[in-house]
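Below you'll find the structure, written out as structure tokens, and then a few comments.
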Amino acid sequence: MEMNTDRDLVLRARMRLLSHDGRVLHAPAGLAVYRLLFAVSPQVYATRLAYVLEESSRSAQVAHLPGRRRALLQEALAALAVVPAHHPHRAKVLERVAAGLRALEAAPQGASQAAPQGAPQTGAGR
């Protein structure tokens, strides 16, 4: 564990995951938990962090903020950089992140982007 990471915060984050009844703790709670645990164990939590970041980039809270959406997707790419290419979930999450970035690039400058159809409407950015 890194010296800068508060042990109590890490313990609380792990307890939050243990008390969660599901595979992934979704945003916004998931963002805080996975960001903290990624700092401690990057290879263990990278794909879940990237998944929740991508999910957050499609939320209603950031639909009108292309800069925030791009930042979330770029953070997801950075998290995936530590994941081995053969990881079973890496390709799927990477494709979703890349698709989000392509959609942002294709949008006219300054235009608001609505969340894609079927996107979860929960979660928030940073």
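The values are calculated or read from the model by the stated rules, or taken from the named source; none is laboratory data. What you are looking at is a predicted structure, and each value in this text was computed from that prediction instead of being measured. Here the Cβ positions follow ideal geometry from the backbone for every residue, glycine too, while neighbour counts run over all protein chains shown. Heads up: the accessible areas ignore ligands, DNA and RNA and are worked out on the full protein's heavy atoms, side chains in. Shrake-Rupley method; radii C 1.70, N 1.55, O 1.52, S 1.80 Å.
Summary of values
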read-out: Selection from segment 20-58 of residues that are of a type in the set (S, T, N, Q) and either closer than 17 Å to Gly100 by Cβ or at pLDDT below 90 (or both); value: Thr47, Ser56, Ser57
read-out: Subset of segment 37-65 [more than 12 Å from the chain's Cα centre (by Cα) and either under 19 Å from Val82 (Cα atoms) or among the aromatic types (Phe, Trp, Tyr) (or both)]; value: Leu37, Ala39, Val40, Ser41, Pro42, Gln43, Val44
read-out: Meets criteria (of a type outside the set (Asp, Glu) and open to solvent by 30 Å² or more (accessible area, probe 1.4 Å)) for Val44; value: yes
read-out: Any hit, segment 111-123, residues being touching a Gly at 6+ places or on another chain (Cβ under 6 Å), under 18 Å from Ala27 (Cα atoms) and either at pLDDT below 95 or crowded, with 16+ Cβ neighbours inside 10 Å (or both); value: no
read-out: Meets criteria (surrounded by fewer than 22 Cβ atoms within 10 Å (Cβ to Cβ), free of Cβ contacts under 8 Å to residues at least 60 places away in the same chain, touching a Phe, Trp or Tyr at 6+ places or on another chain (Cβ under 8 Å) and among the β-branched types (Val, Ile, Thr)) for Val24; value: yes
